[in-house]
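The values are calculated or read from the model by the stated rules, or taken from the named source; none is laboratory data. Given the structure is predicted, the values throughout are model-derived calculations rather than measurements. Here the Cβ positions follow ideal geometry from the backbone for every residue, glycine too, while neighbour counts run over all protein chains shown.
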């Protein structure tokens, strides 16, 4: 019997991949449809654990207030800024709620989830401006809300991984806020879109190559931003020296797998401690499937352990 490329997919994820293959791609849907689809997936997820103190806050940004949701376990020794995924086009505080609750519980750190502005209404650099402004605000004012801002880290998933990586570059170049670690989950790091994984996993693996292209176009490329711009493509920054230690989580069967692994290699080549972990048989978005997928729980605990250790040693 001959095997198909889909045989690489973990058996628990094959039905999801097959179902996704029968649906329109993100590029074929309206932004309202994509956001409704994400809301439906969010509603179907296992909710996160209770955290001692959870509250919403709006902080000043470059073009209006930025909503935050803060998850504060008792005795939290540090803070993680958290940036959700969704191709810069969808996602919000609710879509990232379970992930952030699990991160706060597993790490013991306070987690600050950032509801950055989305394209196409707010194209590049709106999302990045909000991510950076929120990080700077928390560093300056978070103590007023009981946050231990002397020990800050960042975490992001997919498009949020892109934002987290660029926030670290900005923090280095602006001499602060000091960040102790970065956790990047299948981050998009190269808008040139030339990686082998984009072709290998172009169709039939839930996220399509066309979805990646659509996200980059809608967020930035259709607005005159060159793919080589490092604030869009952190892989192409002139230097990666002096950045905080990193854990990079990738999924084997993911069109942007090579983006994350190339970024981890760039960090290591620049002398940054970087641990890259590829989860075999996994698809893009697997990280949020805790409660249904043991690999998701393992990856989430791995991220939490790394961030907690960085704070303890910071």
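Please pick out the residue among 255, 299, 310, 273 that is over 22 Å from residue 206 (Cα atoms) and buried (at least 20 other Cβ atoms within 10 Å of the Cβ).
Values: 255 fails: over 22 Å from residue 206 (Cα atoms); 299 fails: over 22 Å from residue 206 (Cα atoms); 273 fails: buried (at least 20 other Cβ atoms within 10 Å of the Cβ).
Criteria check complete, one pass: 310.
With the condition being closer than 18 Å to residue 159 by Cα and at pLDDT 90 or above, I'd like the strands (runs of 3 or more DSSP E) fully within segment 1-110 carrying at least 2 qualifying residues.
On the way: elements: 53-61, 64-72, 79-83.
Output list reads 64-72, 79-83.
Considering 184, 198, which residue is buried (at least 18 other Cβ atoms within 10 Å of the Cβ) and under 22 Å from residue 118 (Cβ atoms)?
Numbers: 198 fails: under 22 Å from residue 118 (Cβ atoms).
Every option except 184 fails the conditions.
Looking only at segment 289-299, which residues are in contact with a strand residue (DSSP E or B) (Cβ under 9 Å, 6 or more places away or on another chain) and outside any loop (DSSP other than H, G, I, E, B)?
295, 296, 298, 299
Name every residue in segment 111-136 that is in a helix (DSSP H, G or I) and either in contact with a strand residue (DSSP E or B) (Cβ under 9 Å, 6 or more places away or on another chain) or closer than 20 Å to residue 157 by Cβ (or both), in order of residue number.
Quick first cut of segment 111-136, residues in a helix (DSSP H, G or I) only: 126-136.
Listed by number, the residues that qualify are 126, 127, 128, 129, 130, 131, 132, 133, 134, 135.
Against the definition (more than 17 Å from the chain's Cα centre (by Cα), farther than 12 Å from residue 205 by Cα and part of a helix (DSSP H, G or I)), how does residue 268 come out, yes or no?
Details: more than 17 Å from the chain's Cα centre (by Cα): yes; farther than 12 Å from residue 205 by Cα: yes; part of a helix (DSSP H, G or I): yes.
Yes.
Kindly establish whether residue 292 is modelled with pLDDT under 95, surrounded by fewer than 23 Cβ atoms within 10 Å (Cβ to Cβ) and on the phi < 0 side of the Ramachandran plot. Step through it out loud before you land on a result.
Details: modelled with pLDDT under 95: yes; surrounded by fewer than 23 Cβ atoms within 10 Å (Cβ to Cβ): yes; on the phi < 0 side of the Ramachandran plot: yes.
It is true that residue 292 is modelled with pLDDT under 95, surrounded by fewer than 23 Cβ atoms within 10 Å (Cβ to Cβ) and on the phi < 0 side of the Ramachandran plot.
Criterion first (surrounded by fewer than 24 Cβ atoms within 10 Å (Cβ to Cβ), within 23 Å of residue 314 (Cβ to Cβ) and in contact with a helix residue (DSSP H, G or I) (Cβ under 6 Å, 6 or more places away or on another chain)) does residue 82 satisfy it? I'd like the intermediate steps shown before the answer.
Numbers: surrounded by fewer than 24 Cβ atoms within 10 Å (Cβ to Cβ): no; within 23 Å of residue 314 (Cβ to Cβ): yes; in contact with a helix residue (DSSP H, G or I) (Cβ under 6 Å, 6 or more places away or on another chain): yes.
For residue 82, the condition - surrounded by fewer than 24 Cβ atoms within 10 Å (Cβ to Cβ), within 23 Å of residue 314 (Cβ to Cβ) and in contact with a helix residue (DSSP H, G or I) (Cβ under 6 Å, 6 or more places away or on another chain) - is not met.
Among the listed residues 73, 47, which satisfies the condition of being surrounded by fewer than 16 Cβ atoms within 10 Å (Cβ to Cβ) and farther than 26 Å from residue 209 by Cα?
Residue meeting the stated conditions: 47.
Quickly run through segment 258-270 and pick out the residues that are surrounded by fewer than 24 Cβ atoms within 10 Å (Cβ to Cβ) and either closer than 17 Å to residue 192 by Cβ or modelled with pLDDT under 95 (or both).
258, 261, 262, 265, 266
Where residues in segment 173-206 are touching a strand residue (DSSP E or B) at 6+ places or on another chain (Cβ under 7 Å) and farther than 30 Å from residue 151 by Cβ, which of them is modelled with the lowest pLDDT?
206
Given the options 304, 255, 296, 268, name the one that is in contact with a helix residue (DSSP H, G or I) (Cβ under 6 Å, 6 or more places away or on another chain) and without any contact (Cβ under 8 Å) to a residue 12 or more places away in the chain. Walk me through how you get there before you give the answer.
Details: 304 fails: without any contact (Cβ under 8 Å) to a residue 12 or more places away in the chain; 255 fails: without any contact (Cβ under 8 Å) to a residue 12 or more places away in the chain; 268 fails: in contact with a helix residue (DSSP H, G or I) (Cβ under 6 Å, 6 or more places away or on another chain).
Only one candidate qualifies: 296.
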